[in-house]
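Remarks on the structure that follows.
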Amino acid sequence: MGFVLKLLGTAASLWVAVWIVNGFEFSGEWWQFLIVAFIMGVANALVKPILKLFSLPLILVTLGLFLLVVNALVLGLVVWLSGQFELGLTSEGFFWSTFLASIVVSIVSWIISAVLPEN
């Protein structure tokens, strides 16, 4: 049950980002959106720790602000994979729409994880 809640929480945070950020759009069916949320969860579990490890010096020098760039890179990977599998998630540009969407996804995910129970 925890996996389903995390998947729905990720989907909700992506939906809020699509709703708020101009240039970050989704045009597809609901099941495609769940696949995108699943890809986002896998990317956060596998790719994000590797990026954090390799960018650790930059993270330390910027006092953690470089983590925003790491989040944007992971979201950019999800957008790219969505385009490869024709799932419908698009972004007009890395710097503005993907970066802002990654901030929105991070904030909403943090709020959802604070509200949802651990188990």
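Overview of results
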{"read-out": "For the range 103-116, Karplus couplings with θ = phi - 60° (6.51, -1.76, 1.60), whole Hz, Gly/Pro x", "value": "5, 4, 4, 5, 5, 5, 5, 5, 5, 5, 5, 6, 7, 6"}
{"read-out": "Residue order, fewest to most surrounding Cβ atoms within 10 angstrom, among 113, 55, 102", "value": "113, 55, 102"}
{"read-out": "In sequence order, calculated HN-Hα J values of the range 45-58 (Karplus, 6.51, -1.76, 1.60; Hz; x Gly/Pro)", "value": "7, 9, 7, 4, x, 5, 4, 5, 5, 6, 9, 4, x, 5"}
{"read-out": "Residue-averaged [θ]222 nm for the chain, counting only DSSP H segments that reach four residues, each worth -39500 (n - 2.57)", "value": "-24500 deg cm²/dmol"}
{"read-out": "Alpha-carbon centroids, the range 43-119 and the range 15-33: separation in whole Å", "value": "15"}
{"read-out": "Space enclosed by the convex hull of the alpha-carbon atoms of the range 2-115, per residue, Å³", "value": "102"}
{"read-out": "Gyration tensor over alpha-carbon atoms, the range 35-99, equivalent ellipsoid semi-axes in Å", "value": "23, 14, 7"}
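Throughout, read-outs are computed from the coordinates displayed, never taken from laboratory work. Remember, it's a predicted structure, so these values are computed and weren't measured experimentally. Because the Cβ atoms are built from the backbone with ideal geometry, glycine has one as well, and the counts that use them run over all protein chains shown.
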